[in-house]
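Following: one structure in structure tokens, then a few remarks.
The values are calculated or read from the model by the stated rules, or taken from the named source; none is laboratory data. The structure presented is a predicted model; accordingly, all values stated were derived computationally and were not measured. Cβ placement follows ideal geometry from the backbone for every residue including glycine, while neighbour counts extend to all protein chains displayed. Each accessible area value is taken on the protein alone, full model and side chains, heavy atoms only, with ligands, DNA and RNA left out. Shrake-Rupley method; radii C 1.70, N 1.55, O 1.52, S 1.80 Å.
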Amino acid sequence: MVSGLQVRDVVVRYGDLVAVDQVSLDVAPGEVMAVIGASGSGKSSLLRAVAGLEPLVSGSVSWDGVDLAAVEVHRRGFAVMFQDGQLFPHLNVGGNVGYALHRLGRAERQQRVNDLLALVGLDGYARRPITALSGGQAQRVALARSLAAEPRLLMLDEPLSALDTGLRTRLVEVLAETVRATNTTALYVTHDQDEAFTIADRVAVMASGRLLQVDAPAELWRRPADIEVAAFLGYGPFLDEGLARQFGWTGAANGLIAVGPDGLIAGTDGVEVPVRAATVGRGETVFEVELPSGERAWVRSPGVSRRPDLLRVRLSPDGCAVVPKPVVLDTVQG
Amino acid sequence: MTLRRDHGRTWVWAVIAVVPVAFLVIFFVWPVAALVARGFFDASGFSLVGVSEVMVAPRTWRIVGQTLAQAAVATVLAVLLGIPGAYVLYRTRFPGRTALRALVAVPFVLPSVVVGVAFRSLLTESGPLGFLGLGESFAAVVAALVFFNYSVVVRTVGVLWSRLDRRVSEAARSLGASRVRVWWTVTLPALAPAIASASALTFLFCASAFAVVLILGGSGWGTIETEIWYQTTQLLDLPAAAALSVLQLVVVAAALVAADLTRSRQERALTLAGSPVDHRLRRGDAPAAVVTAVVVVGLLLTPMLTLVWRSLQTAGGIGLGNYALLAVGDGRPSVWEATANSLVTAVVATAIALTLGVMVSYLLSRRPRSVAGRRLLRWADAAFMLPLGISAVTVGFGFLITLNRPPFDLRSSWALIPIAQAIVALPLVVRSLLPTLRAINPRLQEAAASLGAAPARVVATIDVPLAWRGFGLAAGFAFATSLGEFGATTFLARPDRPTLPVEIFRLISRPGAENLGMALAAAVVLAALTAAVMAVAEYLGPKEATSW
């Protein structure tokens, strides 16, 4: 028997716009699946369709083999945590967390609320008004509120996107730990691949409503299915075999060589190319170089150094991936 | 299982939709249509003779001209005076601002009979401003109309203004625009939707004004509404009344369409600051502050205080003599009995208006997916606003000629009065509830549903608590409206059971200082009751347009 979530050929449409186009996806019990894609890729629409918040034009969503078409949102047991928390403004922290626990007795409910708040690191916050919370705290409360429902599937829609970078990095750890500690099955939608790679067992990449690839993070990174996925993950430029060989590529070349952030390295045995710009980053300098084909590529060099006019560079096999040659190239943006 | 649940859902929606529609059809559309139809039928069948006679009569066009002129001038004045008021009361900060906002809000809910009596006591020959010779004049009518609608402009424009993001005008300033240029190129265009919407609403209220014009205009000045009343009650000329009702409908529909267009533009237009933006009142604000002070003292306070002062004047000097007379029955119900009757009627009317208003607002606050559904809702929205502008006189008279035989033989029933008043109050109830319901972020309802809350629980735990404050305001409006309703009630109240406004009008229409004194005292009582009701509603209502 199949278990967990099965999404089959789901289509969601807003008027003429096809937001989700024939997507199929499985999430096993206890698994954390991240869906990544640029804004407008259809990932949030997919989540809303699974939750029952958007009607399906065609296809099906089922759990443990049972079709959910006729099951309303509140009976699915799929809790949604939204981007900006959507805490209920007229209830305090405890009231929000305990929202799904209304069938429990008062004492038991309080106990559960306190346990959940402790789980997300907000011990003793139950009586606070939600207006007194910072953005990060509000999201922790939203997480506790969702977990209180003991959902068979927890769905997180860009839960950290409204927060600043530092907080996001810390909170994604909290989310990951909490979801694992409670052995919750989760569908995590984000545009941030670092977030996705941190939290997910498997990552699904979407673009223009279509599902491009589903894989474990390491696998996804090593073997992006096509140039679109690779570009979204941060690969680029994409070199054809001849050019790649010039820069020392010795591996297989049944497609294009996708140059990752560490794919082009400086080295005395490399080919000399002109340096067009230099940017100083965290403990490193990134040189923008011009390849013989006219394409721009980036070379990272530790420390802060002055921009040379020329630099000898070569490809590092570990930092590159091979992707199939697309039929049409001009739609791809790095 | 699923099937049964779906049927249950459909059934609930059907009730929510059918009950208010049926009520509106029976107690509004039918009576009005029946009255209008009478104008087109005489003994020999369908005939346009009566109506066309009215349409070519100079008197008709004089009245239409007066109606439009009064409404237009009053609207322009209300806007010109209201914009500085909106600035001072919503964009600046000073001690006593809350009290001043409350004071400015009072006139809008004052019963029109009271306002008529107050302005008459001010402008009549023996009144404080009698020397101006403005009794029964165009100016008197316009002044009273501005008095009523000043707060509509101040509130509508002010609430938007208080939320305009200051950084937009700061950006314009930093690009080299002078204060004057910022006002014309940034602030005014941003406020334009609110100004347009307040203007349309003010025009609508002015064009359908009744009691205040009846009392202040005398025989020389009227509106279509007073003319309908005159034709039906004094001349018993139904074709004339019918033709005038149709004219009224055209004017009202035009104003409603304009209001609807500007409203939908306003709702989609601007990105607003999260919380109100204001600054301490400063030297540069002096012109606006002076204009506002003059309006508040001269236009708002003077008539109200004159009313109170003159109600205390008796033949034997200053005292409570006029109030003592309110208890005297003299063979018919005393004013106190009329007051009690008014309160009971208002309670019933409020209950009806709120029940229907909640259903209508809930329905109108839904967001249908289909284009057809959205269009249907827009039409429904406009339809439920119609009683706002349709002559209350037409409704009242329509009741008399339709609800006097089976299946609705309610002619002699007291219940007609609260029903008519509920019809008149319904648009205000919907307008108070709808914004708070629409402001509820649908994500909150979705979050609740995804946490396992069934639709009924979502309503009980999310919608109701968040809309509760709007509910208090709606109840206040409904109660105040029915307490002061005159146009329809005057046809329906029986002599042995008058309401307070009807009694005040009877007293002021009769000669004698004693009757006038009682009318003034009764008007003060009615004003005090209304103000008390609104004070409670404001207390329960939104302090500011809270952001959720």
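Data table
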item	result
³J(HN,Hα) computed for each position of segment A:194-208 - Karplus, 6.51 cos²θ - 1.76 cosθ + 1.60, integer Hz, glycine/proline x	4, 4, 4, 5, 5, 9, 9, 6, 9, 10, 10, 10, 10, 8, 6
Global geometry of segment A:9-79, whether rounded, prolate or oblate, following the gyration tensor of its Cα atoms and the 1.5 cut on a/c	oblate
Translational diffusion of segment B:1-120, µm² s⁻¹ [Kirkwood Rh, Cα pairs; Stokes-Einstein; 20 °C; 1.002 mPa s]	103 µm²/s
Spacing of the two label points (7 Å from each Cα toward its C-beta) at B:Ser413 and A:Arg223, in nm	8.0 nm
Point-to-point label distance, B:Ala532-B:Ala102, nm (Cα→Cβ direction, 7 Å offset)	1.5 nm
Loop-located trypsin sites (Lys or Arg not before Pro) in segment A:59-159, at most 10 other Cβ atoms within 10 Å (DSSP)	A:Arg103, A:Arg127
Histogram of C-alpha separations across the protein assembly as shown, 20 Å bin width, %	12, 34, 29, 17, 7, 1
log₁₀ of I(q)/I(0) at q = 0.06, 0.08, 0.10 Å⁻¹ - chain B, Debye sum with one point per alpha carbon	-0.31, -0.55, -0.87
Chain B: relative contact order as a whole-number percent, Cα under 8 Å and 6+ apart	21 percent
Computed accessible area, B:Thr10, all protein chains, 1.4 angstrom probe, square angstrom	90 Å²
Probe 1.4 Å, all protein chains present, accessible-area order of B:Met518, B:Met359, A:Met155, largest first	B:Met359, B:Met518, A:Met155
Heavy-atom accessible area ranking, 1.4 Å probe, most first, across A:Lys43, A:Lys325	A:Lys325, A:Lys43
Chain A: calculated mean residue ellipticity at 222 nm from DSSP helix runs of at least 4, using -39500 (n - 2.57)	-7500 deg cm²/dmol
Percentage of interatomic Cα-Cα distances in segment A:65-136 larger than 22 Å	31 percent
Rg/Rh for segment B:410-454, where both radii come from Cα atoms and Rh is the Kirkwood radius	1.35
Contact order normalised by residue count of segment A:174-311, Cα under 8 Å, 6+ apart, percent	14 percent
Alpha-carbon centroid distance for the pair segment A:190-266 / segment A:60-135, whole angstrom	37 Å
DSSP-loop trypsin sites (Lys or Arg not before Pro) across segment A:277-318, with at most 11 other Cβ within 10 angstrom	A:Arg282, A:Arg306
Helical mean residue ellipticity (222 nm; -39500 (n - 2.57) per DSSP H run of 4+; nearest 500) of chain B	-22500 deg cm²/dmol
In sequence order, calculated HN-Hα J values of segment B:81-89 (Karplus, 6.51, -1.76, 1.60; Hz; x Gly/Pro)	7, x, 5, x, x, 4, 4, 5, 7
FRET efficiency estimate (nearest 0.05) - Cβ-Cβ, A:Arg282 to B:Ala454, R0 35 angstrom	0.10
Sequence of B:His279, A:His102 when ordered by accessible area, the most exposed leading, probe 1.4 angstrom	A:His102, B:His279
Under-5 Å amide H pairs with A:Gly267, H placed in peptide plane, nonlocal only	A:Arg312, A:Val313, A:Arg314
Average partner coverage of B:465-473, which counts Cβ from other chains inside 10 Å	1
Viscosity 0.692 mPa s, temperature 37 °C, Stokes-Einstein D of segment A:186-334 from Kirkwood C-alpha radius, µm²/s	202 µm²/s
Equivalent ellipsoid semi-axes - Cα gyration tensor, segment B:111-208, angstrom	39, 15, 10
Farthest positive-ward along segment A:57-190 dipole, Cα basis, beta-carbon charges - from A:Thr190, A:Val141, A:Ala69	A:Val141
Hz values of 3J(HN,Hα) by residue in segment B:139-145 - Karplus curve (6.51, -1.76, 1.60), Gly and Pro given as x	4, 4, 4, 4, 4, 5, 5
Cleavage-rule hits, trypsin sites (Lys or Arg not before Pro), segment B:274-361, DSSP coil, Cβ neighbours within 10 Å at most 13	B:Arg282
Relative contact order (%) - criterion: Cα under 8 Å, at least six apart; region: chain A	17 percent
